[in-house]
Structure formats: C-alpha cells, structure tokens
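Note sheet for the following structure.
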Amino acid sequence: MRVPVLSIRGLPLMPTKPSRARRWLKEGKAKIVYNDLNIFQIQLVKYASDKTQPIVIGVDPGKLYTGIAVQSAKFTLWMAHLQLPFETVKKRMEQRAMMRRGRRGRRINRKVAFNKRAHRQARFDNRRGCKIAPSIRANRDLEWRVLNELCVIFPFETIVYEVVKARGNKGFSPVMVGQFWQLERLEAFGDVKPIKGWETAQIRTQLGLEKQKHSKGDAISATHAIDGVALACSAFIEYGVMDRYSMGWRGSVTVTSAPFAVIRRPPICRRQLHLMVAAKGGVRRKYGGTKTRHGFRKGDYVEATQGNKTYRGWVSGDTDKCVSVSNADWKRLGQFSKNKVQLLKRATGLIVTATKVAKLREWRGEGFLPPSLVATGSIPVADFALASLPSQF
C-alpha cells in the first residue's frame, strides 16, 4: 500500500510508503490533508523533488456499475466500485413527465375549440441531434467527478477507457453518444487510450486476475474494479513479437494490494413545487431539496447519539425537532434530536465507504508469484480520513 503525497505547492507527487509518511508526520515535515474521496493523504511542508513516474487510471464503464483503478508499474494504488444512478434518474424522469402531463391536462379547457385553447407556442427548437439521455449523462458525470478528484491526488497523465460498440442496425445509440461525449471530455486530464472489451479480458487472463461474473452488483473488487486494474496495466504490458520465432507479452507490471472503496451519489430528491396529490386547503407541504431546518444539509456526514448508542451516517431528512440519519445504503438509522447531532464533514455530493483492502496476484512479466487472494481488514473510509494514520499502516 502507498500513501498519496502533495508538494508544498499542492501538486501531486509519487505516493510513498506508510512508514515514511508516519515518520514525516512525526518529524513535522508533512501534514494531513483531506479530499472528497476520503483517501488518506499528506502534504509536504518543505520543498522536495517533483519528479514523478508513470501512473495510469483504468475505467471500466457500465450501465449500473463502473470500476476504476489507479496503477503504477510497481503498485496498485487504489480501486473503486461506482454505483451509478441510472435507475434512479430514469424513474425520476418518467415521474417528471407524468406530472407535467397532469399539469398540462388541468390547465387546458377542452370545452372550447382547439384553436382557442391555451396552448403555448414553442419558444425554441428543442430537437437537437446531440442530446444525451439524462440517465446516461448522470452515469458519465459521476465518473467525471471521481476522476476530477483523483487528478489532485495522483500525478496521472493517461486514462485507459473501455469502449463498447452498439450491436444491430439501429441508427441511433444513446450509449455510443454518451461514450463519445465522455471520451472527448476526458482529454482534459491527459492522454485517453480506448480499449475494447475483448482486449480487457485477454489482459485480465494474462495477469491471472479472477473476475466474478455472477452477481455483478456485489460491491467487491472482483466484479468491476478488477477490470479497471487490467485496463490500467495495459499501459505497461503489451502483446507483440518476442523474437524471430515467437509472440508473447512484453513489459513488466506488479499488481499489489490496494484500498478499495464503494462510491455512490446520495439519492436526494429535488425540490418540488407541485406534488402529485394536492393537499387540503391548497397548501402544499415542503418536499425535496438539500436544506434542513436545523443548519444541516442533506448528505452531511454526522455523528448522532441516542441513549447509550452512537451512530455515524449521512443526513437524509428532517422534521420539526429531529434530524434523519441514514447509512451508506440510504437506509434510515433513526431520527435524532437536533441537539445530539454533531457535524463531522460537509456534504460533497458523494458517499464513499470502504469494505476491504484486497490482495491480488502479482505479475512481473517473468511469471506468477504465489497467489494471495485473502482480503484483510475493514476500514470505514469516512472515519479513516477524519483520523490520523491508522496503526495497520
């Protein structure tokens, strides 16, 4: 495992060993800094060399889940499993269309002639050929948000992105449109290298990485993050001519244990001015939004006390006197008095939790080392970033 390092000017440097980071903190040569991904990170307080080595990020995009991995030639630095908001956005867009049709139907008086009804004329041409579906845009925006945070943590210059090709004779594919749009945006981070799915499978097989192909929704590294590792390793190894008579894999890369995080977007409802069911007396109750009546925002990471028990979670709602706190799956832990809720971290638009530090099989180009696929430890990332360097480092 490695600890990310920032220079005195805030530029990302090569990650260092945990023991060295612990010594720098003890000697006052570095300080702890925080980021929205809750990755433990230090910043030097004195000038140091700014030379870096190649670091590559592999992205395995999907419809419901995305795998991301950060890899160098000698270490796997970080892995993540993104739970994409595709289903949530799709349902909300259908609900919005239904509510809009209801409002339009109530507004129009069908007892008068059609040419005398209150139909609003089109104000502009909204039929654009480059429109991206909101659900696909939300998926790609979450990937962009994570990569935007990683660019200030690791000094990477290359992104390897897995691409897909629409099957059939359809003239329009929303997936392909969103994919081309994302590849164009990623050029702001550096070089973008597209790789097809069958190439990812070959690299994964060569590295000896085992992927779980059943229950792909499991938030473990073996479902999607492992493909991110294979994609990132493609920048260090390649299949080509070994000599005059043979073909083989060239290059050297080492896949090691790395922190694994599960990231999702808090499913906060937008503020609604018109509810589906009208209230008695014509007074509509408050629904949705990010503000609460007690100074908290939905998505804030807080610590709540109830009796002898203490909970840590995210603010998900409020009442006149209480604050609702939910866990990472957005399941309510309880409603707590506003005086017994303490703010730990402001909302960042992300819910980041860690499950395990996964150990993967190492590969150096000459052959395989003995596999060690046992997961070790369990580190809650939200608490991990708020404390000092843990003892297991």
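For the condition under 30 Å from residue 179 (Cβ atoms), touching a Leu at 6+ places or on another chain (Cβ under 9 Å), part of a loop (DSSP other than H, G, I, E, B) and among the hydroxyl-bearing types (Ser, Thr, Tyr), residue 66 does not qualify. Residues that are within 30 Å of residue 218 (Cα to Cα) and either β-branched (Val, Ile, Thr) or modelled with pLDDT of 95 or more (or both) are absent from segment 91-108.
A quick yes/no check of all residues on (1) farther than 30 Å from residue 18 by Cβ; (2) without any contact (Cβ under 8 Å) to a residue 40 or more places away in the chain; (3) touching a helix residue (DSSP H, G or I) at 6+ places or on another chain (Cβ under 9 Å):
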{"position": "266", "(1), (2), (3)": "yes, no, no"}
{"position": "273", "(1), (2), (3)": "yes, yes, no"}
{"position": "276", "(1), (2), (3)": "yes, no, yes"}
{"position": "286", "(1), (2), (3)": "yes, yes, no"}
{"position": "310", "(1), (2), (3)": "no, yes, no"}
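The values are calculated or read from the model by the stated rules, or taken from the named source; none is laboratory data. Everything quoted here is computed from the prediction, not taken from an experiment. Positions of Cβ are backbone-derived with ideal geometry, glycine not excepted, and every protein chain shown enters the neighbour counts.
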